[in-house]
Structures are given as structure tokens and as C-alpha cells.
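Inspection log for the structure reproduced underneath, given as C-alpha cells.
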Amino acid sequence: MSHNSIHWFRKGLRLHDNPALLAALKDCRHIYPLFLLDPWYSNNTHIGINRWRFLIEALKDLDSSLKKLDSRLFVISGSPTEVLPKLFEKWKITRLTFEVDTEPYSQSRDEEVMKLAKEHGVEVIPKISHTLYNIDRIIEENNGKTPMTYVRLQSVVKAIGSPKKPVPAPTKEDMKGVSTPFSEDHEEEFGIPTLEDLGLDTSSLGPDLFPGGEQEALRRLDEHMERRAWVCKFEKPQTSPNSLIPSTTVLSPYVRFGCLSARTFWWRLTDVYRGNKHSEPPVSLHGQLLWREFFYTTAVGIPNFNRMEGNPHCVQVDWDNNPEHLAAWREGRTGFPFIDAIMTQLRQEGWIHHLARHAVACFLTRGDLWISWEQGQKVFEELLLDADWSLNAGNWQWLSASAFFHQYFRVYSPIAFGKKTDKYGDYIKKYLPVLKKFPPEYIYEPWKAPRSVQERAGCIVGKDYPRPIVDHEVVHKKNIQRMKAAYAKRSPEDKDEKTITKGVKRKATSILEMFEKKAKR
Ligand code: FAD
């Protein structure tokens, strides 16, 4: 049978390592590559303008790669449950393919779509390619329990074996006998909207340092992989949160949108490591991809993963509600230059280093402001180019010592931490030019500078730059005690990791099986 297939791009905005796209092309007559700007996008307060730009660039890149295969991308606004059934009819679709997405929102969306596809006699082929492994297989291999530590995850994936090798991008050969029926006015009907078309305010767009798209992702990957010694020596804790040029790969936005396949990244690293002495997980680059896998797995296994309430693994904390402090943190006006510079970089550029994320997340939560990690998660979700439901929630729980990491008495100093890697405060001067004339001894604590120094620097603290909103020395000690009290309230079961994680032992139905079962019903 010759199929009319829709390949539905959601994440996975790429042609390489896209098994669902290859499945769509098998025994296919007409292929319709589709991207839906669904209500998740149009309720867009949670997506900042820089991330919108990244997405639009990624779609343009995808369309240009499809053009090289004599195909095109169809972009349509609307909810999948409304749009897809109409397309099934209009295009006489017999097969729908997509990449499996493990987030709760996507899972329920896909369940609905599966039902509708069945009603229309459309075969559905979902394929796993966003993560290194099938996440359900990891849980199954761990006796049906979610691995709650990185070490546990490592031993489970070791037992499973190496991640699957990425599949090649479709070629003209794969497209033989397959066509995309698009018309002269494709651009008007199905073209990629501009930011202006979407009614977005572009006045706060920052510099386009990390343009979206698969071609850019692969180019950046090549560039990094050429630095063989750097790759082999890479140890995350040795990288710097405040270097002027990023000290890690900044491939995260590309992996997040699937412009770069995590498996391609993994196997390219394997090639570089081969025959060379190299660093190991958790600090190596392979180790970073396993952190990603770890948080994806816990996000699937733990209910209410992005919330404190109803999340059985999260310490319940009586966080304060302080909109003024939250706004000061978000807008980079806490009066702590290191924190404010990081938040400025985040707002302007959409990416900050992992340890910079540590510093500002600790400051917002258990370190200084005692504001819920859920609030920080929301701000990151809006401003990060790489904002990812599972990774954002998992890392926020870690940093706020709410889950996974329990050494709440180890608090980052908003003054001393940045000095370790940037004694003269060049990073602060870049992002907070108002402080650029401060001498190094005061750049991290301008409020301590004598009035004459402030005058010479052309910046009076309290007038041109805010005074610190809290006294770190006082609040962090008080907060450690509050954290201690929250930990003391945990039930004995909560304190025992093994017990918390003990779920009903299950043979996890794989995500694919789940889809198959539903399709048969
Ligand atoms: P590299 O060090 O070059 O690592 C390579 C890849 O490994 C990254 O691209 C990323 O895909 C993965 N990775 C690295 N570190 C982690 C980690 N700790 N957890 C999971 N995956 C990791 N990362 C996101 O991609 N999206 C988020 O929404 C996100 N939110 C975070 C929130 C907080 C509070 C913290 C502390 C960290 C968060 N991270 C998030 C994790 C991490 O900071 C970024 O993945 C990393 O800084 C991206 O930069 P890079 O690509 O240069 O990383």
C-alpha cells in the first residue's frame, strides 16, 4: 500500500536521527511534513522573545533542508485535535508519525490525537529519539522503580548497553517515488510566520548569539568535536560560570528543540574518546548527557514533577511569598552584582552557564530570598533558550535542596563564588556597565566602597545601582535553620530514599507499547 503520511514535527526539529520521519517515508506516495503552532505556543507568556526567535529560525532551517529534498514544511496554527482530523480528511492521510515526547502535557495531547487517528483509520507510528534510551525501559530495568540517584541510573543504563546509533537523514534516494503536494501559494497558506506576524514585541530581542536550526547545531557540534583535547579533558566543575566566552558547549538549546539529536551528540563524543584518555561521568560530556537522561527519567517516574505539592519526592518547604524580591531577582536588581549580571545575561542572551544557574537558583531559594523554586522555574521557563520541562524542574529541585541533593547547609556566596573564576569582575562589567569603573576590590560588593570611590566610579549605590536587598551573612544562616526544620518534618519514609522510590513493582509498559495498545482499542 502506498501511504499518504504526515510527519508531525514537535521537538525533533531535524532531519538527522529522525526514525519517525524515515518511517513516514516508507511505502509512501505523499509526505506532508507538518509543524503546528498549537495553543501551547499561542498562550505564549511562558515563552520569551529570544526563544520564539530560536524556534522560528529552527523552522526556517527545517524548511530549507526539506526544500533540498523537493519537499516543504507546512506550518499551521491551531490545536492538534482540531487541525489534524481536518488534515486527515483533506489530504487523505493513512499514516501519522511523530517523535515520542514524555512530558505530561504532550502525553495527554498525543493520547487524544491517537484516538482521533484511529477514528479516521490512520495508522500512527511514534518513535523514540529525543532521549538516549527508552525512558520506560530504564524504569523497567530498575525493577519498575525510578532510579533516584545518578549512580543508580548509570548502573541501569550500563546493563542496558550503549544508546542506539543515530539513523541517517533521508536522502533524495529515500524520496524516490515520494512527493509533497505543495502549491504556488504555499508560503501564504502554510509559510513560517515572522515574530511580527505572531504579534510579538521584538523590542527586547537580544543579540542572536545562538541562531536556531539543525545546520547551525551540526556546525557547532563539528566545531566542538574538532577540539579533541578539550573534549577529552572536559570536567564540568572545572568550567567557569562567568567567562566572557561560554566555557561549555551551549548545545543545550539545540538539544532541547531537537535540532541536535542527543544520540548523535553521544556517538560523536564516543568517536572522539576512542583510543584517547578521557574524563568520565558524571563530569565528562558523556556524563552531561546522562544528567539529561537522569532528569528525564525522574520526570517520568515522579508524579507532579514540576510542583512541590503532590510531589512525593520533594521536601515540603514554607517558602515566602515576596513579589518585590522575586521581581528584583528576575530583573537583575538585587544589589549583588554577580547575581544581577547573571540574570541580565539570561534576559539578554537566553543562556547562562550551569554554575551561574546554581548561583542564582540557590540565591532565590534556600540561600537568600526564601522564594519557592517553582517561581524560579517559571522565570527560567520564559527566559532560557533551552527551557525544558523535565530538566528545569529537576535542576530547580536539586538546587533548592528539595530533592536529589540534600546538603542544604552548603550555600553559595553571591560574593565569593564568582570571584574564584573572575577576580577582576570582567563579567560583571560586561553585563552591568553601570559598575564598570569600580575597582576590583569593590566590584562584587559596591556598597562597601567609600563614597569617594563611588563618586569616582560615577555610580552611587542606592541611586545608580541598588543596595543589597538582603544581608547575605544574616539571611543564609537563618535559612539553613528553616531548611533544617523542613527536613525534620519529613516522615521517616521520606528520609529513606529507597522507600520513597519504592513504587508498585511493575513491568513498565513501554511508551511504544502504550501507543500500540491505544491504537488497537
Ligand atoms: P554542556 O556542559 O556542554 O553539556 C552538554 C549537554 O548535556 C547540554 O547541552 C544538556 O543537554 C546536557 N546537560 C548538561 N548539564 C545538564 C544538567 N545539569 N541537567 C540536565 N542536562 C544537562 N538545562 C536545559 O537544557 N534546560 C533547562 O531548562 C535547564 N534548567 C536548569 C535549571 C537550573 C536551576 C539548573 C541549575 C540547571 C538547568 N539546566 C537546564 C541544566 C544545565 O545548566 C544546562 O543543560 C547546561 O548549562 C547547558 O549548557 P551547555 O549546553 O553548554 O552544557
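The values are calculated or read from the model by the stated rules, or taken from the named source; none is laboratory data. Quantities reported herein were computed from a predicted structural model and do not represent experimental measurements. Note that each Cβ is placed from the backbone with ideal geometry, even for glycine, and that neighbours are counted across all protein chains shown. Each accessible area value is taken on the protein alone, full model and side chains, heavy atoms only, with ligands, DNA and RNA left out. Shrake-Rupley method; radii C 1.70, N 1.55, O 1.52, S 1.80 Å.
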**Q.** Residue list for the stretch 123-164, restricted to those being among the charged types (D, E, K, R) and closer than 30 Å to ASN4 by Cβ
**A.** GLU123, LYS127, LYS164
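Conditions tested, residue by residue: (1) on the phi < 0 side of the Ramachandran plot; (2) within 16 Å of the ligand (Cβ to nearest atom); (3) surrounded by fewer than 22 Cβ atoms within 10 Å (Cβ to Cβ).
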| position | (1), (2), (3) |
| --- | --- |
| GLY350 | no, yes, no |
| ASP368 | yes, yes, no |
| LYS378 | yes, yes, yes |
| LEU383 | yes, yes, no |
| ASP386 | yes, yes, yes |
| ALA393 | yes, yes, no |
| ARG410 | yes, yes, yes |
| TYR424 | yes, no, yes |
| LEU435 | yes, no, no |
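Among the residues of the stretch 365-385, is there at least one that is within 15 Å of the chain's Cα centre (by Cα), part of a loop (DSSP other than H, G, I, E, B) and under 24 Å from THR297 (Cβ atoms)? Please lay out each step first, then the result.
Going through the stretch 365-385, the residues within 15 Å of the chain's Cα centre (by Cα) turn out to be 376-385.
In the following step, the residues that additionally are part of a loop (DSSP other than H, G, I, E, B) were identified as 384-385.
Remaining after also requiring under 24 Å from THR297 (Cβ atoms): 384-385.
Checking the stretch 365-385: at least one residue is within 15 Å of the chain's Cα centre (by Cα), part of a loop (DSSP other than H, G, I, E, B) and under 24 Å from THR297 (Cβ atoms).
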Q. Give me the pairs: first residue in the stretch 174-191 and of a type in the set (Ser, Thr, Tyr), second residue open to solvent by 60 Å² or more (accessible area, probe 1.4 Å) and not in a loop (DSSP other than H, G, I, E, B), beta-carbon distance under 9 Å, and six or more apart or on different chains, which are they?
A. SER179/ARG29; SER183/GLU189
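Just checking, which of ALA403, ALA416 is more than 20 Å from TYR254 (Cα to Cα), small (Gly, Ala, Ser) and within 16 Å of the ligand (Cβ to nearest atom)?
Of ALA403, ALA416, the one residue that is more than 20 Å from TYR254 (Cα to Cα), small (Gly, Ala, Ser) and within 16 Å of the ligand (Cβ to nearest atom) is ALA403.
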Q: Residues being open to solvent by less than 10 Å² (accessible area, probe 1.4 Å), in contact with a Pro (Cβ under 9 Å, 6 or more places away or on another chain) and in a loop (DSSP other than H, G, I, E, B): count how many of those fall in the stretch 315-337.
A: 3
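Tally up the residues in the stretch 245-263 that are without any contact (Cβ under 8 Å) to a residue 60 or more places away in the chain and either within 6 Å of the ligand (Cβ to nearest atom) or under 14 Å from ASP386 (Cα atoms) (or both), please.
Going through the stretch 245-263, the residues without any contact (Cβ under 8 Å) to a residue 60 or more places away in the chain turn out to be 245, 249, 251, 254.
Within this subset, residues satisfying the condition of being either within 6 Å of the ligand (Cβ to nearest atom) or under 14 Å from ASP386 (Cα atoms) (or both) are 249, 251, 254.
Residues flagged as without any contact (Cβ under 8 Å) to a residue 60 or more places away in the chain and either within 6 Å of the ligand (Cβ to nearest atom) or under 14 Å from ASP386 (Cα atoms) (or both) within the stretch 245-263 amount to 3.
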Q.
If I go through the stretch 352-366 residue by residue, how many of them are more than 9 Å from the ligand (Cβ to nearest atom) and open to solvent by 10 Å² or more (accessible area, probe 1.4 Å)?
A. 0
